1. Is it the case that residue 10 is modelled with pLDDT under 95 and part of a loop (DSSP other than H, G, I, E, B)?
2. Can you tell me how many residues in the stretch 60-79 are in a helix (DSSP H, G or I) and out of contact with any helix residue (DSSP H, G or I) (no Cβ under 7 Å at 6 or more places or on another chain)?
3. Given (1) over 10 Å from the mean Cα position of the chain (by Cα); (2) modelled with pLDDT under 95; (3) outside any helix (DSSP H, G or I); (4) closer than 20 Å to residue 14 by Cα, identify the lone condition not met by residue 39.
4. Residue 33 fails exactly one of the following numbered conditions: (1) within 11 Å of the chain's Cα centre (by Cα); (2) in a helix (DSSP H, G or I). What is the number of that condition?
5. Can you pull out every residue in the stretch 46-79 that is modelled with pLDDT of 90 or more and exposed (fewer than 11 other Cβ atoms within 10 Å of the Cβ)?
């Protein structure tokens with residue numbers, strides 16, 4: 001049986017924040033601001049829940065390489 005492993009294909013990787021801000025040539029704080037403002041596609045995962053306030057901690061921010069590349073292409077087409 002021949003299986004295709006999609007997670008190893010170019011463009012299907014999951015990236016961390018450092019990989020993305022390095023790829024984009026921007027600062028770490030800029031990337032985090034863009035995430036907070038909903039300007040760049042991302043997912044926030046993890047983060048513990050504060051037992052006193054019930055609020056969830058920040059956790060990690062992860063990015064789909066495919067979505068980042070599409071986002072970049074759309075930005076370039078609109079400029």
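1. Values: modelled with pLDDT under 95: yes; part of a loop (DSSP other than H, G, I, E, B): yes.
It is true that residue 10 is modelled with pLDDT under 95 and part of a loop (DSSP other than H, G, I, E, B).
2. Within the stretch 60-79, the first condition is being in a helix (DSSP H, G or I), and the residues that meet it are 65-78.
Okay, now just the ones that are also out of contact with any helix residue (DSSP H, G or I) (no Cβ under 7 Å at 6 or more places or on another chain), so 65-67, 69-78.
Looking only at that region, the number is 13.
3. Going through (1) over 10 Å from the mean Cα position of the chain (by Cα); (2) modelled with pLDDT under 95; (3) outside any helix (DSSP H, G or I); (4) closer than 20 Å to residue 14 by Cα one by one, residue 39 breaks only (2).
4. Checking residue 33 against (1) within 11 Å of the chain's Cα centre (by Cα); (2) in a helix (DSSP H, G or I), the one that fails is (1).
5. 73, 74
The values are calculated or read from the model by the stated rules, or taken from the named source; none is laboratory data. Because the structure is a prediction, the values reported are computed rather than measured. When we count neighbours, we look across all protein chains shown, and the Cβ atoms used for this are built from the backbone with ideal geometry, even at glycine.
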